[in-house]
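The values are calculated or read from the model by the stated rules, or taken from the named source; none is laboratory data. Since the structure is predicted, the reported quantities are computational estimates derived from the model, not experimental observations. Cβ atoms come from the backbone with ideal geometry, glycine included; neighbour counts cover every protein chain shown.
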Number of protein chains: 2
Amino acid sequence: MQTLQSIELRDGQVWIIDQTLLPGTLEHIRIDSVNQMFEAIQSLRVRGAPAIGVAAAFGVWIGVRDAAGQSGADLWPHLEQVSERLISARPTAVNLAWAINSLRQDLALHLDDSASDFKGRALSLALDLMRNDVQTCIRIGEHGAALLHDGMTVLTHCNAGGMATVALGTALAPIYVATQRGQHIEVFADETRPLMQGSRLTAYELSRAGIPVTIICDSAAPAVMQSGRIEAVFVGADRVAANGDVANKIGTYGLALAARAHNIPFYVAAPISTIDFNTASGSDIVIEERSEAEVLQPFGQQTAPEGVRAYNPAFDVTPAHLVTALITEQGILRGIDAQSMASLRSKRMPVADH
Amino acid sequence: MQTLQSIELRDGQVWIIDQTLLPGTLEHIRIDSVNQMFEAIQSLRVRGAPAIGVAAAFGVWIGVRDAAGQSGADLWPHLEQVSERLISARPTAVNLAWAINSLRQDLALHLDDSASDFKGRALSLALDLMRNDVQTCIRIGEHGAALLHDGMTVLTHCNAGGMATVALGTALAPIYVATQRGQHIEVFADETRPLMQGSRLTAYELSRAGIPVTIICDSAAPAVMQSGRIEAVFVGADRVAANGDVANKIGTYGLALAARAHNIPFYVAAPISTIDFNTASGSDIVIEERSEAEVLQPFGQQTAPEGVRAYNPAFDVTPAHLVTALITEQGILRGIDAQSMASLRSKRMPVADH
């Protein structure tokens, strides 16, 4: 089974897969500046909550690397500025801020280090985040695989696969693990308008891995559920509130309603770093609104009449009561509410100690 | 308020608006042969259950007009052949068969007429169907307008407007009537993948009529409902079963589930000719599956990886219990089930007597 790594360090340079070019072209691009990383995140060249967390951490390192100064303290104002800029690239995924703040917290204790040591430490922390993400996804996959059985057909939305993390993914990780164990799992993938991450990315990585995948229009999912062909829904998350409400790609909420209507389990897979314990409930989550052009001019072609407006929220909020279980690197959590979620609070994977 | 007529007879020739070119180009095309009408229906140049019924009736007339013979009896085998061909153009909308069978039933009593009279009668019947459709939509609009109030915001899916009928529409007719009465109604229009009838046609005709319309991705509708901005959903129907189950554009079922979850009334507007009393329930309705290319290559651009399959049902079935009311030319029917539906059976508008 062949999986891809969305972010890599090669010979001291950061490379990402430019996901906007998939599935037509698999191209790695080198990121040399903070501006370039900011643009890559905002334009969804790198996307998916866990992946943009890691990408942003490398972005902070690049910013620090290229700054002048004798000590950590000299570099600090620059680090702060770069951090704020990268956090602002996309407002909904909490991993972005979480990853950057992990770096900041650690580096704040090393202001007396030489500039060279400080820069080396920033790189080392970013690499740790990347390695941790890979490990986290493997654990999510192993826990989640217990929810699958041979011959099962599942539905997924957007891309919560290897392309949304460093590798393997969150919602797709259980499918990869079950497949590696010899089970036959089939997937229906919502195409995921407006940016088609389902057909462009999920179908791409699943078919590369030899997993049978059928693409449907987002609006067809309830009918496919009604037909009895779907045994479970697996999605990722961009932010999970303290009470278990889930912000994820627009369309997730409708899927959760349809799954409930058909008694189909609805699973959300996400690393604990995606949980924002400072956000009480879904109604407190800032939902990114993206450009109208994504809706009105799909693939550069004007499909709507000139002058008509569009509303393009990138995410929606699924209330916790519609989530059958949350799959994290720590296991499977059922009965999701503020109390059960609190049990995960102490289990965030710390940035490794140096 | 400016509305369009999707099908017209001008100087003895049938013209339709080629809806595949909208909203970029408003072009009327002349239909000169049965093959051309078949292609126009199958390719959705003319679409919408009521409109394709009327279009098919004109198609039967064109077929009869161009056939050789001395009498109605001579033309009959040709009429039968043409009818079967046109009915096969699209399987789900019952109006197609209903309109053609209306013509057949009447013409079967006129086999002794001269060929010229028989042809004239076929044209006259098609024209009656067209005029009846216009009147039916006006009545649907007047009945449905009672469900609207000034300042209301509604959601619609696909195009059940003037472009789906001869003029005015079904689901949009109440909105047009309320607007004509001076009420301010705003509309959220689902773009309606894969063929974008919502952004291409609904937004086009509403904005032409000066009605504020906002386009959203289909998958955003549940989130917009959750936000509290939608006070009612209005959709059309391609076939309504005897028990009130509704086949309509793919995505309708998910909307109905989301509307129910938010206690938003879900209205289906359709002429009584859309009710198929020979189909007991939704599970007996044949759902047209259209080409995978509509999903995999939107607007001619390959978005999915080569070799990956798509499943592309054109319609889904909303169970009657999710329908708040059915709006027909006879009024508003609530409490929809086989019994209440039966009350509409005697009320089909007959093809006018000659």
* Structure fact -> Expected single match for in a loop (DSSP other than H, G, I, E, B) and either crowded, with 19+ Cβ neighbours inside 10 Å or touching a residue at least 24 places away in the same chain (Cβ under 8 Å) (or both) among A:106, A:128, A:112, A:133 is A:112
* Structure fact -> Exactly one of B:259, B:269 is touching a residue at least 40 places away in the same chain (Cβ under 8 Å), surrounded by 24 or more Cβ atoms within 10 Å (Cβ to Cβ) and within 16 Å of the chain's Cα centre (by Cα), and that residue is B:269
* Tell me, which residue of the stretch A:300-333 that is in a loop (DSSP other than H, G, I, E, B) and closer than 22 Å to residue A:259 by Cα is farthest from the other protein chains (Cβ to nearest Cβ)? -> A:324
* To do: Of the conditions (1) in contact (Cβ under 8 Å) with a residue 40 or more places away in the chain; (2) farther than 21 Å from residue A:5 by Cβ, residue A:93 clears all except one; give me its number.
  => (2)
* So residue B:340 fits all but one of (1) within 14 Å of another protein chain (Cβ to nearest Cβ); (2) assigned to a helix (DSSP H, G or I); what number is the exception? -> (1)
* Filter the stretch A:84-96 for residues that are assigned to a helix (DSSP H, G or I) and surrounded by fewer than 23 Cβ atoms within 10 Å (Cβ to Cβ) and give the result. => A:84, A:85, A:87
* **Failed criterion for residue B:312 (all others in (1) at pLDDT 95 or above; (2) exposed (fewer than 14 other Cβ atoms within 10 Å of the Cβ); (3) polar (S, T, N, Q) hold)** => (2)
* Asked: Say we look at the stretch B:286-299 and pick out the residues that are farther than 26 Å from residue A:257 by Cβ, within 9 Å of chain A (Cβ to nearest Cβ) and surrounded by fewer than 22 Cβ atoms within 10 Å (Cβ to Cβ); which of these is modelled with the highest pLDDT?
  -> B:292
* Does residue B:348 satisfy being surrounded by fewer than 18 Cβ atoms within 10 Å (Cβ to Cβ), away from every other protein chain (no Cβ under 13 Å) and modelled with pLDDT under 95? -> yes
* Asked: Condition test on residue A:230, is it within 28 Å of residue A:15 (Cα to Cα), within 14 Å of chain B (Cβ to nearest Cβ), touching a residue at least 12 places away in the same chain (Cβ under 8 Å) and of a type in the set (A, V, I, L, M)?
  -> no
* **Long-range neighbours under 6 Å by Cβ, at least six apart or interchain, first residue part of a loop (DSSP other than H, G, I, E, B) within the stretch B:66-82, second not small (Gly, Ala, Ser)** => B:67/B:75; B:67/B:78; B:69/B:75
* Asked: Would you say residue A:205 is within 14 Å of chain B (Cβ to nearest Cβ), touching a residue at least 60 places away in the same chain (Cβ under 8 Å) and closer than 20 Å to residue B:304 by Cβ?
  -> yes
* Would you check which residues across the stretch A:248-282 are farther than 23 Å from residue A:143 by Cβ, within 14 Å of chain B (Cβ to nearest Cβ) and not β-branched (Val, Ile, Thr) and list them? => A:251, A:253, A:254, A:257, A:258, A:261, A:262, A:281, A:282
* Asked: Can you name every residue in the stretch B:186-200 that is of a type in the set (A, V, I, L, M, F, W, C) and at the interface with another protein chain (Cβ under 8 Å from one of its Cβ atoms)?
  -> B:188, B:196
* Of all residues making up the stretch A:262-280, the number that are of a type outside the set (A, V, I, L, M) and part of a strand (DSSP E or B) -> 3
* Subset of the stretch A:255-282 (residues that are touching an Asp or Glu at 6+ places or on another chain (Cβ under 8 Å) and under 21 Å from residue B:228 (Cα atoms)) -> A:255, A:281, A:282
* Structure fact -> Per the filter on the stretch A:208-227, residues among the polar types (S, T, N, Q) and either in contact with a helix residue (DSSP H, G or I) (Cβ under 9 Å, 6 or more places away or on another chain) or facing another protein chain (nearest Cβ under 8 Å) (or both) are A:214, A:219, A:226
* Report whether or not residue B:54 is touching a helix residue (DSSP H, G or I) at 6+ places or on another chain (Cβ under 6 Å), modelled with pLDDT of 95 or more, within 14 Å of residue B:8 (Cα to Cα) and not in a helix (DSSP H, G or I). => no
* Looking at the stretch B:314-346, which of the residues that are of a type in the set (A, V, I, L, M) and within 30 Å of residue B:293 (Cα to Cα) is farthest from the chain's Cα centre (by Cα)? -> B:317
